[in-house]
1. Take Ala98 and decide whether it is closer than 17 Å to Gln3 by Cβ and in contact (Cβ under 8 Å) with a residue 24 or more places away in the chain.
2. Among (1) open to solvent by less than 40 Å² (accessible area, probe 1.4 Å); (2) modelled with pLDDT of 95 or more, which single condition is Pro87 missing?
3. Would you pick out the residues in the stretch 24-41 that are open to solvent by 30 Å² or more (accessible area, probe 1.4 Å) and either at pLDDT 95 or above or in contact with a His (Cβ under 6 Å, 6 or more places away or on another chain) (or both)?
4. Give me the pairs, please: first residue somewhere in the stretch 13-29 and more than 30 Å from Thr101 (Cβ to Cβ), second residue anywhere and assigned to a loop (DSSP other than H, G, I, E, B) and open to solvent by 40 Å² or more (accessible area, probe 1.4 Å), beta-carbon distance under 7 Å, and either six or more positions apart or on two chains.
Amino acid sequence: QVQLVESGGGLVQAGGSLRLSCAASGSIFSINAMGWYRQAPGKQRELVAAFNTGGSANYADSVKGRFTISRDSAKNTVYLQLNSLKPEDTAVYYCSLATMTNDYWGQGTQVTVSS
């Protein structure tokens, strides 16, 4: 089993910054992809940023230039730096890890951006 533990969400004013962390533990033999999704009230869960199998980072168009994903492979941890936050970034942010056989999700961390 794989466990994902997220931290770093909170309430911030528009224009502010936050840093999210996601630490993976458990039986991790190979990681195909790892990154962040978000789900706002009444909307579908969407990709925010993730590392793919080749190690490249993909970003949603809405966050390009504002959010940065990084990782510490030795610690199986990914980070998401959120800058220039907007009220429309308000959502529950979920960490995701995909192996060859399973997809795993964290419990989610709330990010609220006030105008």
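The values are calculated or read from the model by the stated rules, or taken from the named source; none is laboratory data. Nothing here was measured: the structure is a model prediction, and the numbers come from that model. Neighbour counts run over all protein chains shown; Cβ positions are idealised from the backbone, glycine included. Side chains included, ligands, DNA and RNA excluded: accessible areas come from the protein's heavy atoms. Shrake-Rupley method; radii C 1.70, N 1.55, O 1.52, S 1.80 Å.
1. Considered against the rule, which asks whether it is closer than 17 Å to Gln3 by Cβ and in contact (Cβ under 8 Å) with a residue 24 or more places away in the chain, Ala98 comes out as yes.
2. Every condition holds for Pro87 apart from (1).
3. Tyr37, Gln39
4. Note: pairs meeting the criteria are Ala14/Lys86; Ala14/Ser115; Gly15/Ser84; Ser17/Asn83.
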